[in-house]
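Every read-out reported here was derived from the displayed coordinates using simple, explicitly stated rules and does not represent laboratory data. Owing to the predicted nature of the structure, the values given are computational and were not obtained by experimental measurement. Using ideal geometry, Cβ is built from the backbone for each residue, glycine included, and neighbour counts are taken over all protein chains shown.
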Amino acid sequence: MVGVAGPSAATQLALAADSYTGDTVVVLSLRGGFDGLSAVAPIGDPAYFAARPSIAIPASRAINLDAMFGLHPALAPLKPIWDSGGLAAVHAVGQLNPTRSHFEAMATMENAAPGSTIRTGWLDRMIGLTGSVATVASTAVGAATTPPSMIGPSPELAVRSVDSFVLSGAGTPAEEARWATAINALYAGAPQALAAPAKAAMEAVSTMSGLKAAGYVPAKGAAYPKGAVGDALRDLARLIKAGVGLRAATIDVGNWDMHTGLGASDSGWMFRQLTELGLALAAFNQDLGPKMSDVTLVTLSEFGRRVAENASGGLDHGHGNVSLVLGGGVRGGKVYGRWPGLAPANLVDGDLAGTTDYRTVLAEVLEQRAKLSSTTVFPGLASGRLGMFAAKV
């Protein structure tokens with residue numbers, strides 16, 4: 001299946017995509033309200049255990065990160081990356097105007113311009129600053145459609161998988177070539193608004209066909225787990241290593257809305273989800289190897305979960321959350337952000353307070369790793385930064 005958008009795509013297909021020298025920025029969206037208090041548990045805060053008598057991560061099971069925080073045992077594959085300085089966390093991340101509505105929170109997060117009249121997505125605004133782009137510069141991997149963060153005038157591409165990316169009706173390379181000839185002839189002289197998407201689609205098909213013909217074996221024995229996140233990260237590594245001009249990528253992973261039966265630290269819903277996530281991220285890091293120096297991956301979720309567990313052994317919608325940041329330019333091995341504490345007096349309507357605007361993390365990615373100004377991407381954002389990235393040279 002082919003999905004291409006953006007009226008300016010056709011004029012950019014023939015242009016080299018090497019003017020941009022920043023990182024490939026990857027946003028891994030954990031849809032449904034990720035529980036950061038399970039993933040990076042505040043085991044040094046007594047109120048954590050009081051609020052979650054049956055689902056808290058026991059201190060004896062947590063993988064110690066520092067005096068306050070411990071990693072969920074299912075994320076053990078990430079600890080070597082943490083120790084080597086390639087992984088960091090930012091805790092108590094939140095939005096400026098929190099809401100417990102999935103729809104509203106996701107829309108606001110992907111627009112990332114609260115209080116303004118801007119309606120484009122923040123990744124589209126980022127791509128608009130990077131100069132002329134290839135068709136695949138802004139790509140949603142593992143999805144049939146692009147997310148709201150990519151909405152806007154810049155071209156965007158959706159790739160459910162590299163191997164399934166085909167032109168409908170063209171089952172062989174020869175048929176694909178005939179279709180390309182026919183489409184180019186059909187749209188020759190057509191208005192740009194009509195010709196651009198068709199030409200961009202054929203460029204994307206050609207790119208993916210080349211990748212399929214070459215095949216793919218992950219490097220260094222990297223083993224991606226079967227599932228949505230593993231499959232998508234494997235394809236993303238494939239695109240990055242192929243040098244196709246990828247500048248921003250998104251991957252959406254659902255099934256985090258755990259109102260009931262979250263499970264224990266060694267079994268259950270959260271354990272299974274985090275196991276796949278940890279294995280997939282570790283494989284991605286291993287597969288890319290030295291190329292991780294040109295990649296920054298950030299996990300985001302529309303909101304966190306309530307501090308206190310509910311009567312069903314789950315967690316209702318909350319506010320403050322954790323973001324994981326992976327990449328060669330990360331000053332890792334550290335939990336960033338101001339920890340507000342979980343004592344009842346420190347909570348916001350029963351939720352972990354959001355002491356770091358999530359846009360602060362993304363703005364520093366753009367400034368230090370993408371070598372771009374964040375002012376137009378995140379209008380009105382305060383200038384303070386966490387210092388969690390080395391500047392890209």
Could you tell me which of VAL298, ASN321, GLN368 has its Cα farthest along the dipole of the chain towards the positive end, charges placed at Cβ (Lys, Arg +1; Asp, Glu -1), taken about the Cα centre? GLN368
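How far, in nm, would the chain grow between LYS241 and SER161 when pulled straight, counting 0.36 nm per residue and subtracting the alpha carbon separation?
Values: separation 80, 0.36 × 80 = 28.80 nm, distance 1.56 nm.
The LYS241-SER161 span can extend by a further 27.2 nm.
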For the chain, whose charge dipole is built from +1 on Lys and Arg Cβ atoms and -1 on Asp and Glu Cβ atoms, the candidate among HIS102, ALA143, SER209 with its Cα farthest towards the positive end is SER209
Links that overshoot a 22 Å alpha carbon limit, given the list LYS291/LYS392; LYS199/LYS291; LYS79/LYS371; LYS334/LYS392: LYS199/LYS291; LYS79/LYS371
Sequence-separation-based contact order of the range 174-255, relative, with Cα cut under 8 Å and 6+ spacing, percent: 19 percent
Along Cα→Cβ, 7 Å out, is where each label goes; now give me the distance between the ones at ALA50 and LYS371 in nm to one decimal. 5.1 nm
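Using the Cα centre as the reference, give the magnitude of the dipole from point charges on the C-beta atoms of the range 30-127 (Lys, Arg: +1; Asp, Glu: -1; all else neutral), rounded to the nearest 20 debye.
Computed about the Cα centre, the dipole is about 160 debye.
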From Cα pairs below 8 angstrom and at least 6 apart in sequence, can you work out the relative contact order of the chain, rounded to a whole percent? 31 percent
Hey, could you get me the Stokes-Einstein D for the range 183-280, Kirkwood radius over alpha-carbon pairs, 20 °C and 1.002 mPa s, rounded to whole µm² s⁻¹? 127 µm²/s
How big is the gap, in Å, between the Cα center of the range 329-393 and the Cα center of the range 247-270? 22 Å
Give the aspartates and glutamates whose C-alpha is closer than 20 Å to that of LYS241, dropping any in the same chain fewer than 8 places away, or say none. ASP18, ASP23, GLU156, ASP163, GLU203, ASP231, ASP287, ASP294
If you average the C-alpha positions of the range 17-52 and of the range 94-152 separately, how far apart do those two centres end up, in angstrom? 18 Å
Can you check what the Kirkwood hydrodynamic radius comes to for the range 47-90, Cα pairs only, in Å to one decimal? 11.4 Å
Take the range 192-239, compute every pairwise Cα distance, and split them into 5 Å bins from 0; I just need the percent in each bin. 4, 18, 19, 19, 15, 11, 8, 4, 2, 0
Amide H contacts under 5 Å for ASN64, restricted to residues at least 5 apart in sequence or on another chain and with H modeled in the peptide plane, are LEU71
Binned Cα-Cα distances of the chain, short to long, each 20 Å bin given as a whole percent: 28, 56, 15, 1
Compute the relative contact order of the range 201-337 as a whole-number percentage, counting only Cα pairs closer than 8 Å that sit 6 or more residues apart in sequence. 24 percent
